[in-house]
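Notes follow once the structure below has been shown.
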Amino acid sequence: TSAASPADRDTVPGALRGKRFTLVTGDRVTVDASRGTTHIDFQPAEGRERVGFFRTGTGGDLNVIPTDVAPLVASGQVDELLFNLSALERFGLDDEAREKAQEEKAREEKAGLPLIIRHSGESLPATTRAEAVQKGTVPLESIDSTAVTLPDSDRGELWKSLSAPRKATGPRLRPAIKKVWLDTPVQLTDTQAEDPTAAATDAPVDDLITQINATAPKARGLDGTGVRVAVLDTGVRTTHPDLKDRVSKSVNHISWDDETGDVDGHGTHVAGIIGGTGAASDGKYEGVAPGVEILSGRVLSGPLGQLSHIIDGMEWAADEGVDIVNMSLGSSVPTDGTDPWSLATDALLAQGVLPVVSAGNSGPGSFTVSPPSAAAGALAVGAAGGDDAVASFSSRGPLFGNYTVKPNLKAPGVAVTAARAAGTDIGDIDPEGPQGPVDENYTRLSGTSMAAPAVAGAAALVMQAHPDWTPRQVSQALVSSATPSPGESVYDQGSGLIDVERAVTQDVQATAHAADFGRLTWPRDKDIARKVAFTNTSDEPVTLDLDLDVTSTRGDLPTDLLGLSETRLTVPAHGSAAVTVEFRDTGIRTGGALSALLTATGGETTVRVPVGLTLEPESYDLTVHLRDQRGDPASDISLVSLMPLDRALVPFERPIVATAGSTVTLRAPAGTYGISAIISRYGPDSYWFASDHVLAGEPFVRVTESAELTLGGTAARKLGNTVDNEKVERIYQASGILQKQTRIPSGQTTPTSTQISVEYPHLPPDYWAVPSTTRTEASTYTTYYREDLAEGYRVGEIPDGAPSDGYDYPTATGPVYYLAGIREGGIPADLTGRVRDSELARTEAHYGASEQAGRFDRPFPLKSKLATATLKGIALDGRRVNVPSPGTRREYYTASKDITWSQELRWSWQNADPVDPLQARALFTEPEAFRPGPRTEYWNHPVGAPALAPDGRQLTRDGDTVTVDLPMGGDSEARHLFRSDDVYAEYDYTLSRDGEKLPKSRNGAAEFPRNTALAAWKVPADTGTYTLKARADRSQWNGLSTEVEGTWTFRSGPVTEEEPTALPLTSVRFKPPVDEWSRAGDDRTLAVPFRIQRTGDQPRGRPRGLTVEASFDGGTTWQKVPVVKNRALIKHPALSTLPTEHIDRNGHAYVSLRAKGSDRASSFEVTVKKAYKIKAYKIKKS
């Protein structure tokens, strides 16, 4: 089952292509981009064969969510990141990256999927731990959770112990399990770790102490003495002169090593800002609080770590009794403060520890503050330049999800000078500009990583001055006393730049970091207000004049929507008083955000309180009732999509929802929409959980008030085509609805689109569709359908010598129908129907045999065939089933200019592998539209020669780099492309210029994952003559085309185009008339047709000097053969005349072929050894 939004479904992030992921459920997902478009291969884990999958996408990310997990994700019980393939790839959690991590860290077992499981009580339930988690658990008691590393060998065992058995009430976790999170990677928040050029336009910090107004407090003797600060970072170099004898403990919390010092350079710099003594600079670069006691918790390395390491370090710090924890760390995962890191941060404050955290370096966009800054108890710090202005990179609010004010304040964070750990990556980095090493002991770094420790040091000074204050009071004093910069909203800077002198000396402070309205929904109550309380620790009352400075930050809202209940307030001695910030609703219907700063002044006292307000635009509840084809309420997992027709999506608007119920309430701003749904019926006797799916929806719905809408019902019509062959059965089915705006909304670069679809690989449920009744020109409302029908479909017949455990070998021996249909404008009444064979493209497909060499020295009786369709840009999969090899099968395709087909044939059988047959040596076609009528196609027939792609991507020059990625194989069909078989062949490339061999700048054989079919060279910028030699030794695994060689000579010079230039390549695709076993008769002359393939951007002209040679002794001797009209006339010897060493055990001899020639751009020579066989009897030609 699948769904996608907002981008079209065939738009898959390039980083995912070719990647495989093992999900927490044990299911495996492969993103296959080998057939011209990108497709998702979903393989359920053992025991989960009845599970389909939803496919969704937002913000360029791709999610693949098993159907039985979707309601748990929708309810928040299971972390959506566990199924976000884009995030898993960014985090290095695809299968290949985990294998690489295992090698690099020398782990005993394959690097697994890291999880955090929240549960009842302080420990993971014993049954879960005993059944599925053998070792490697880390208790995280502050949030009633346990960190678990799921081994690759688990294959869903842990998930079985976490989830309850499926019942009619829907999927659920076991009672003791409350939440399952991904244990997300955490990164440093200095710009050097992310982008060394990020701070290039910001003013560098010249004098940190003066800028934060800490000179006077320090002159009075405040230095943080008696305050204990934990630095959770990359460790601290305790031998640095500024930190010698300042670090009382160094503890490692990383699971894969036991280092306690700083091998990265970040933690040393952070510690130097907090409490460096300045000993190596005669005090010039002294930290903010050089008297503090520092405890170092190493939680990151390289510069990444896992969230569980951080939380473990936080709990260690609390147990050590520290006063402050500094975390110059962050995550790229947006949060509303309910993530495990934020929960652990709030737990720190509850234990009497002040958490000071960096806001992140993802600015200047809104909603970019990262965890743990999202925690209510976190003192979140943005970065400022030397001119006090917020740094360009500093993350901004409001907070994701709940729209509250973050960061809380800002501190200097651009080119800050502090302790350098020389010899480390960060200690030695030296980008252009003011950042980089100052001398052997100091370096300048930028980021909110540098701003947070300045605030941690300031907090230590305040604590020393006021030892009776709680951490919350210290935090409030720092926020209340900060100084704002003009032109910056509270979502940019919080209350402003810290002012240590005023934080230490000022008697009046606010009791909260902000007066937050969050997001007010429509319609709004008339009396909405927030109280702001002030406390006075002095012996005299203080009268404050109050001012509220309001600006509109989004939506051009009137600033008079916010006001104060009074403009003057007296705070009694050792007492408190409050003023009310009022929302003065004028009936405004538009949405947007206001940023305000409440300033209270009285004499030398100035207190500032940020105020934030976000308004939901006029919106209503749209209650949608879902009915199956019988008119009964939906009883299984359904999808509903509501897409605006006249605007862009607003922040956090989710246009697609999944529900296990029959009624769903959608929140919709007033306007026009298209709605679509896939409504599911639970079938207890169905092979799948669902027995029926109903497509329903309307292209046009106007929302002007709260309303109810029913989708589905007895008007549904059953989907499915009827063909001439009555013996076929359905082996694959997919259908869905794509909505796409016809106009680009204001302020956007692309139109919004949503897509929902449902698909099953075999024995699919019944599909139905309810014709829509509305139309609109505001969107293209596209409905589509796809199915595979087959005669002779069977499972469970195991080929000789093939694995049997868990494999079913789905095979279709008879005709196969690949059918698709698409309609625009709504859901039609006739999406499917009667289809005659005469309306279809009718292919007589011949599949040649393969004989394996090496340990698989025998025929391969099955190959895996897949046909995928692209319907007006919508990519749909199909059923990958086996075809007997050798054999002939009739295949039918829908013939339409709107539908293109891509085919793929893999050399081994389906289900010989836990996921799919190996992709190496696969043959495939580019997408092509078919016309009705007969056609013939040969698959896996010789000769296998270099199969050149039309776009010339296999040999390119980009600037001064030449790259080759040349598949040295194929078959006789020039349309067929070939995937590099580097797993089963040894490739060797050399490139020479003017006769001199060039060294490789990239060698795929030395990379991980290995790719010997790829190499690259740096070449001189001027023009020269180049010779590329390529050789693939395929003899270990292949009985034919055992060695393929090519030599190409061409000239190449400077490249000025932005796109890489395709260099000239030529290949010759021979097509000998052989039988299904690749044999031709001996003692006769065989006319072998061939076709010349050429690629490259240079003018080529006609080929000239073409010669063809044949060898019957494996390439030891060659004979030139006549060439007549693109046919090589090859005289086969009688087998009786050949030496026995050239006859194989089956009585075959072999013909090797060589072709030479040239054109205006290049010369070439291509050799294929053991191109095809000869046999000593008359062969019927195919």
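The values are calculated or read from the model by the stated rules, or taken from the named source; none is laboratory data. Please read all numbers here as calculations on a predicted model, not as lab measurements. Backbone-built Cβ (ideal geometry, glycine too); neighbour counts: all protein chains shown.
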Scan 289, 280 and give me the residue that is modelled with pLDDT of 95 or more, among the hydrophobic types (A, V, I, L, M, F, W, C), in a loop (DSSP other than H, G, I, E, B) and farther than 25 Å from residue 138 by Cα. 289
Somewhere in segment 715-736, is a residue of a type in the set (A, V, I, L, M), within 26 Å of the chain's Cα centre (by Cα) and crowded, with 21+ Cβ neighbours inside 10 Å? yes
Under 8 Å by Cβ, and 6 or more places apart or on different chains, what pairs join a residue from segment 691-709 that is closer than 30 Å to residue 50 by Cβ with one that is surrounded by fewer than 15 Cβ atoms within 10 Å (Cβ to Cβ)? 691/685
Number of the condition not met by residue 479 [criteria: (1) touching a Pro at 6+ places or on another chain (Cβ under 9 Å); (2) in a helix (DSSP H, G or I); (3) farther than 27 Å from residue 535 by Cβ]: (3)
Across (1) modelled with pLDDT under 95; (2) within 21 Å of residue 145 (Cβ to Cβ), residue 318 clears everything bar (1)
For residue 789, the lone unmet condition from (1) closer than 14 Å to residue 731 by Cβ; (2) modelled with pLDDT under 90 is (2)
Among the listed residues 1023, 961, 1027, 1047, identify the single one that is of a type in the set (Val, Ile, Thr), more than 21 Å from residue 1157 (Cβ to Cβ) and surrounded by 14 or more Cβ atoms within 10 Å (Cβ to Cβ). 961
Which of the residues spanning segment 416-448 are surrounded by fewer than 18 Cβ atoms within 10 Å (Cβ to Cβ) and in a helix (DSSP H, G or I)? 425, 428
Residue under question is residue 956, and the condition is that it be touching an Asp or Glu at 6+ places or on another chain (Cβ under 9 Å), assigned to a strand (DSSP E or B), among the β-branched types (Val, Ile, Thr) and within 30 Å of residue 1149 (Cβ to Cβ); does it hold? no
Report yes if some residue within segment 596-614 is modelled with pLDDT of 95 or more, of a type outside the set (D, E, K, R) and under 23 Å from residue 779 (Cα atoms); otherwise report no. no
Does residue 328 satisfy the criteria of being hydroxyl-bearing (Ser, Thr, Tyr) and surrounded by fewer than 21 Cβ atoms within 10 Å (Cβ to Cβ)? no
Keeping to segment 737-795, report how many residues are aliphatic (A, V, I, L, M) and assigned to a strand (DSSP E or B). 7
Single residue of 726, 698 found to be of a type in the set (Asp, Glu), on the phi < 0 side of the Ramachandran plot and not in a strand (DSSP E or B): 726
Within segment 37-68, restricting to residues that are modelled with pLDDT under 70 and assigned to a strand (DSSP E or B), the one that is surrounded by the fewest Cβ atoms within 10 Å (Cβ to Cβ) is 58
From the set of residues in segment 625-637 that are modelled with pLDDT of 90 or more and either buried (at least 24 other Cβ atoms within 10 Å of the Cβ) or not assigned by TED's automatic domain parsing to the domain that holds residue 750 (or both), which is farthest from residue 715 (Cα to Cα)? 634
Just to be sure, is residue 1032 touching a residue at least 60 places away in the same chain (Cβ under 8 Å) and closer than 28 Å to residue 937 by Cβ? yes
Residue in segment 392-403 that is nearest to the chain's Cα centre (by Cα), counting only those that are surrounded by fewer than 24 Cβ atoms within 10 Å (Cβ to Cβ) and on the phi < 0 side of the Ramachandran plot: 400
Checking the structure you have, find out if any residue of segment 572-584 is outside the structural domain of residue 709 (by TED's automatic domain parsing), in contact with a Leu (Cβ under 7 Å, 6 or more places away or on another chain) and outside any strand (DSSP E or B). yes
Of the criteria (1) buried (at least 19 other Cβ atoms within 10 Å of the Cβ); (2) within 26 Å of residue 331 (Cα to Cα); (3) modelled with pLDDT of 80 or more; (4) of a type in the set (Gly, Ala, Ser), which one residue 163 fails: (2)
Selection count, segment 1156-1182, where residues are at pLDDT 95 or above, under 16 Å from residue 1070 (Cα atoms) and of a type outside the set (Lys, Arg): 9
Pairs needed: first member in segment 436-448, under 14 Å from residue 266 (Cβ atoms); second member anywhere, aromatic (Phe, Trp, Tyr); C-beta distance under 9 Å; at least 6 residues apart or different chains. 446/393; 447/393; 448/393
When you check residue 773 against the structure, is it in contact (Cβ under 8 Å) with a residue 12 or more places away in the chain, polar (S, T, N, Q) and more than 30 Å from residue 816 (Cα to Cα), yes or no? yes
Which numbered condition residue 114 fails, given (1) touching a Leu at 6+ places or on another chain (Cβ under 6 Å); (2) modelled with pLDDT of 85 or more; (3) surrounded by 20 or more Cβ atoms within 10 Å (Cβ to Cβ); (4) more than 30 Å from residue 750 (Cα to Cα): (1)
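Here is a yes/no grid of residues against (1) surrounded by fewer than 24 Cβ atoms within 10 Å (Cβ to Cβ); (2) assigned to a strand (DSSP E or B):
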position	(1), (2)
322	no, no
344	no, no
364	yes, no
371	no, no
380	no, yes
386	yes, no
Subset of segment 658-684 (residues that are assigned to a loop (DSSP other than H, G, I, E, B) and out of contact with any Pro (no Cβ under 9 Å at 6 or more places or on another chain)): 684
For residue 451: the one exception among (1) part of a helix (DSSP H, G or I); (2) over 38 Å from the mean Cα position of the chain (by Cα): (2)
Take residue 533 and decide whether it is at pLDDT 95 or above, outside any strand (DSSP E or B) and either more than 44 Å from the chain's Cα centre (by Cα) or in the same structural domain as residue 647 (by TED's automatic domain parsing) (or both). no
Condition met for residue 938 (outside any loop (DSSP other than H, G, I, E, B), in contact with a helix residue (DSSP H, G or I) (Cβ under 9 Å, 6 or more places away or on another chain) and at pLDDT 90 or above): no
